[in-house]
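Every number here is computed from the coordinates shown, using simple stated rules; none is lab data. This one's a predicted model, so the numbers in the text were calculated from it and none came from an experiment. Cβ: placed from backbone, ideal geometry, glycine included. Neighbour counts: every protein chain shown.
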Amino acid sequence: MSSNHVKASGLEGRYAMALFALALEEKSLDASAKDLASLARMTEESEAFANLLKNPVLDQNTQQKTISAIAKKAKLQKLTAKFLGTLVTNRRLNYLQKISASFLKLVADHKGEVTAEITSAQKLTKTQADALKKKLKKTLGQDISFDVTVDETLLGGLRVKVGSRVIDSSLKTKLENLTLQMKGV
């Protein structure tokens, strides 16, 4: 376990810590992380699912049945399905995305991983991603996981953010710096 523990605060932090403790006890940390990452993705990709989470008008019974069916169809493990049921019972399903993010940070911290936010001008190939991961691991001395986004306005290159450190090797920034130098600023 890494020495710098993530502080889980607020409502989502308390739920994330509770799930983390249970998953650790049941030795299902990786499976739970995979399930919550999958649910977070579903929330982003499906407007209907996102609306289900946020809909305060749906009665608990309907929400419970719907979530149960989704958990079964998505083949979520038993712990994750029970956790979702608890969120429904406590009327906290609308916090699922924040809880998922907090939980995934706790898992990464537990594993000694650092998450790098990578913004690229174009989609990275598997070879490029592997090479970048290897280089960052060597530089930081820690395992790295990525959150990659594509921003075509960068024109070329990448922007890597790890914690409070930012490495900006984008063509856009280089051109902006060159423009400032030419203006004599």
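Of note:
So that you can scan it fast, the table gives a plain yes or no per residue for (1) surrounded by fewer than 17 Cβ atoms within 10 Å (Cβ to Cβ); (2) of a type outside the set (Asp, Glu); (3) outside any loop (DSSP other than H, G, I, E, B); (4) in contact (Cβ under 8 Å) with a residue 40 or more places away in the chain:
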{"site": "Leu106", "(1), (2), (3), (4)": "no, yes, yes, yes"}
{"site": "Asp109", "(1), (2), (3), (4)": "no, no, yes, yes"}
{"site": "Ala131", "(1), (2), (3), (4)": "yes, yes, yes, no"}
{"site": "Lys135", "(1), (2), (3), (4)": "yes, yes, yes, no"}
{"site": "Asp147", "(1), (2), (3), (4)": "yes, no, yes, no"}
{"site": "Lys161", "(1), (2), (3), (4)": "yes, yes, yes, yes"}
{"site": "Val166", "(1), (2), (3), (4)": "yes, yes, yes, no"}
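- Test: residue in region 79-92 that is in contact with a Phe, Trp or Tyr (Cβ under 9 Å, 6 or more places away or on another chain) and among the β-branched types (Val, Ile, Thr): yes
- Looking only at region 71-85, and only at residues there that are farther than 13 Å from Lys34 by Cβ and without any contact (Cβ under 8 Å) to a residue 60 or more places away in the chain, the one that is surrounded by the most Cβ atoms within 10 Å (Cβ to Cβ): Leu84
- Number of the exception - Arg91 against (1) within 21 Å of Leu52 (Cα to Cα); (2) among the charged types (D, E, K, R); (3) surrounded by 14 or more Cβ atoms within 10 Å (Cβ to Cβ): (3)
- Filter pass, Lys172 being touching a residue at least 12 places away in the same chain (Cβ under 8 Å), part of a strand (DSSP E or B) and under 12 Å from Thr119 (Cβ atoms): no
- Among the residues of region 149-159, those identified as outside any loop (DSSP other than H, G, I, E, B) and not aliphatic (A, V, I, L, M) are Thr149, Glu152, Thr153, Arg159.
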